[in-house]
Amino acid sequence: MNLLNIKDVNKNFKQENGRQLEVLRNINLKIKEKEFISFIGPSGCGKSTLLNILAGLIPVSSGQVMIKNKIIQNPGNDRVMVFQEAALFPWLTVIENVLFGLKIKKIDKKKAYQKALEQLKAVQLDDFKDSYPHQLSGGMKQRVAIARSLVLDPEILLMDEPFGALDEQSRLMLHRQLIKLWQKTEKTIVFVTHNIREAVKLSDRVIVFGSNPGRIIEEFRIDIPQPRDRENSALIRIENKILDLLEEEIESRGENTYEKIAT
Amino acid sequence: MKKLLPKTIFILLILAVWQFLFKLNIWPDFLFPSPGMVTSTLIEGFKDGTFTFAITASFKRLLIGYSLSLLFGLMLGVLIASFQLVEDTIGPFILALQSVPSVVWLPLALLWFSMGERAIIFVVVLGGTWNMVINASTGIKNVQPVLIKAAKTMGVNKIQLFWKVILPAAIPHLITGMRLSWAFSWRALMAGELIGSGDGLGQILMWGRDMGNMSLVITVILLIGSIGYLTDNFLFKKAEKVVLNRWGLNSK
């Protein structure tokens, strides 16, 4: 069943010089329940903008986005977002950060604490529950951010380059943890990244975006069971195909629009 | 503790120069007292309760004026940060007001409120408010957008967003504002007490002038400086350090 239905979405931003910048053109996409889907593309291709639209943080210019036949206009409890910068509240301890959303939902204190602690255990940070964010490494912060989102039990987890600022080792570890959490909780995950290998390794489906204006140029279905071996030849084939596709884009659109195509 | 030695030597050096100048007898004793005379004035002043009484009176005014500055400063700061129209209209006005030494308001205050307590408090409020406005609005405007986004996706409404995210995120700036505001209020208070009336430290200083007792004047100056230094160093700098640490803003 389709959980998210993105229909004819266009998004323009008004620039400071008064001209309209076309960020997204004609986006059509259906996302299934429990699917792990990645948006990949160069910076400026509108993939993060689309994610923000799904979160209800910014409105579409035309078209509509529906979650189970309900039009998305505002943020909602069914969707929670994880950001590249972790975005933890520095004045709260780790567990208080995880409790934040539960308090907003006015969940009974004892129950909320129990839930938060459980979620911290799931990301193996229960020993750090009374630490402050600045005492944690980047990878740990990101795990807290994931716990803070999952504790709200959303149907959809929106992730905006969540591991983009991490070193390779933490990233690999978080990949493994994220896949485990995903399999256990059966959430739908929409994952934005500019890292092709990351997208291919994690996702059921990879949507490749081009820029100027941002649009979908191709999608790849990846039916390889998790956990995936990065030497898997089918994975490498898809990875190369995506790379070729993005290179083609560079040639047809000019190099200066591409800064961040990493493998 | 290592730093204590050079500090002590420096203070002893100053005392020595002071004593030396005193011995030169350029001015008469009552105009240029020795360190010893000032020390005994200090001890006597505390013994007979004059200073304790004056400091208490000054602090009472200061706390009233300072609290009002913080309140007005925060409210105006929030308004400026929230509404572009308020920023465009009141913003430049605040910057201009900030550059007006608050004692300048005293003639007006004295006429409006007569010689009383309220005139001095008025001046203290005018001294402390503007820095708080500027720091509060900067703090609120500089809250990381991603924190606001994160809170929104977790379902906060506008009121919760302000109290649970924007205000705490602005605390490092607010503390700086509180510290500057305190320093300016303190100066304004002393200026106000010199010219106005009442029974604070400033009045005692004027009293010393009128009686030709420079030992008393110097003692009060030392008290004013020490109190300013102690509150800044032990109250505000400490608080600022704790906050910067907690917020992860320390350069270390």
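The values are calculated or read from the model by the stated rules, or taken from the named source; none is laboratory data. Remember, predicted model here, so these are calculated numbers, not experimental data. Every residue, glycine as well, gets a Cβ built from its backbone with ideal geometry; the counts of neighbours run over all protein chains shown. Quick note on the areas: whole protein, heavy atoms, side chains included, nothing else; ligands and nucleic acids left out. Shrake-Rupley method; radii C 1.70, N 1.55, O 1.52, S 1.80 Å.
For segment B:185-252 and segment B:135-149, compute the distance between their C-alpha centroids and round to whole Å.
31
With every protein chain left in place, what is the accessible area of residue B:88 in Å² (1.4 Å probe, nearest 10)?
Accessible area, nearest 10 Å²: 90 Å².
Quick check: with the 1.4 Å probe, what order do B:87, A:186 take by accessible area, largest first?
So the residues, ranked largest to smallest area, are A:186, B:87.
Roughly what % of DSSP beta bridges within the protein assembly as shown run antiparallel, to the nearest 5?
50
For chain A, just say rounded, prolate or oblate: build the C-alpha gyration tensor, square-root its eigenvalues into a ≥ b ≥ c, call rounded for a/c under 1.5, and beyond that prolate if a/b exceeds b/c, oblate if not.
Because a/c hits 1.5 or more and a/b exceeds b/c, chain A counts as prolate.
Defining a contact as two alpha carbons under 8 Å apart and six or more residues distant in sequence, what relative contact order in percent does segment A:13-83 show?
Relative CO of segment A:13-83 lands at 20 percent.
Counting Lys and Arg as +1 and Asp and Glu as -1, each charge on the Cβ, what is the dipole of the protein assembly as shown about the Cα centre in debye, to the nearest 20?
1140
Need one number: nm distance between label points at residue B:85 and residue A:22, each 7 Å from Cα along Cα→Cβ, rounded to one decimal.
Placing both labels 7 Å along Cα→Cβ, they lie 3.7 nm apart.
How long is the gain from residue A:230 to residue A:13 if the chain were fully straight, where each residue apart is worth 0.36 nm and the alpha carbon distance is subtracted?
74.3 nm
Give the aspartates and glutamates reachable from residue A:129 as a straight Cα distance under 14 Å; neighbours fewer than 8 places away on the same chain don't count.
A:96, A:118
List the pairs from A:14/B:158; B:7/B:141; A:115/B:238 whose alpha-carbon separation is above 31 Å, in the order I gave them.
The pairs that break the limit, which is 31 Å between Cα atoms, are B:7/B:141; A:115/B:238.
What is the local net charge at residue B:224, summed over the other residues whose Cβ is closer than 13 Å to its Cβ (Lys, Arg +1; Asp, Glu -1)?
Charge balance near residue B:224 sits at -1.
With the dipole of chain A worked out from charges on the C-beta (+1 for Lys and Arg, -1 for Asp and Glu) around the Cα centre, which of A:101, A:46, A:131 lies farthest toward the positive end?
So the residue furthest toward the plus end is A:101.
Which value, in Å² rounded to 10, gives the accessible area of residue B:138 with a 1.4 Å probe and all protein chains present?
50
Treat every Asp and Glu Cβ in chain A as -1 and every Lys and Arg Cβ as +1, leave all other atoms uncharged, and give the resulting dipole magnitude about the Cα centre to the nearest 20 debye.
Using Cβ point charges on Lys, Arg, Asp and Glu, chain A gives about 1140 debye.
What distance in nm separates the two pseudo spin-label positions at residue A:34 and residue A:250, each 7 Å out from Cα along the beta-carbon direction?
Here the modelled spin labels are 3.9 nm apart.
Top mean-square fluctuation among A:79, A:237, A:148, Gaussian network model of chain A, C-alpha springs under 10 Å?
Most flexible of the set in this elastic network: A:237.
Would you list, by chain and number, the lysines whose Cα falls below 25 Å from the Cα of residue A:30, excluding same-chain residues fewer than 8 positions away?
Those lysines meeting the cut-off are A:7, A:11, A:47, A:68, A:70, A:180, A:184, A:187, A:201, A:241, B:149, B:152.
Cα axis of helix B:237-246 to longest principal axis of chain B: angle in degrees, 0 to 90, nearest 10?
Long axis of B:237-246 versus the principal axis of chain B: about 20 degrees.
How high is the FRET efficiency between residue B:118 and residue B:97 when r is their beta carbon distance and R₀ equals 25 Å, given to the nearest 0.05?
0.80
Run lengths n ≥ 4 of DSSP H only: what is the helix-derived mean residue ellipticity at 222 nm for chain B, with -39500 (n - 2.57) per run over all residues, to the nearest 500?
Result for chain B, helices only: -24500 deg cm²/dmol.
May I ask you to rank A:33, A:231 by accessible area, largest first, using a 1.4 Å probe over the protein chains only?
Largest accessible area first, the residues go A:231, A:33.
Helix B:171-195 sits at what angle to the longest principal axis of chain B, using alpha carbons and giving 0 to 90 degrees rounded to 10?
The answer is roughly 40 degrees.
Work from the charge dipole of segment B:157-252 (Cβ charges, +1 for Lys and Arg, -1 for Asp and Glu, about the Cα centre) and give the residue of B:197, B:157, B:226 farthest towards its positive end.
In segment B:157-252, that residue is B:157.
Sort A:113, A:132, B:229, B:66 by heavy-atom solvent-accessible area, probe 1.4 angstrom, most to least.
My answer, sorted largest first, is B:229, A:113, A:132, B:66.
What is the distance, in nm, between label points placed 7 Å from the Cα along the Cα-to-Cβ direction at residue A:69 and at residue B:3?
Each label point is offset 7 Å from its Cα along the Cβ direction, giving 7.0 nm.
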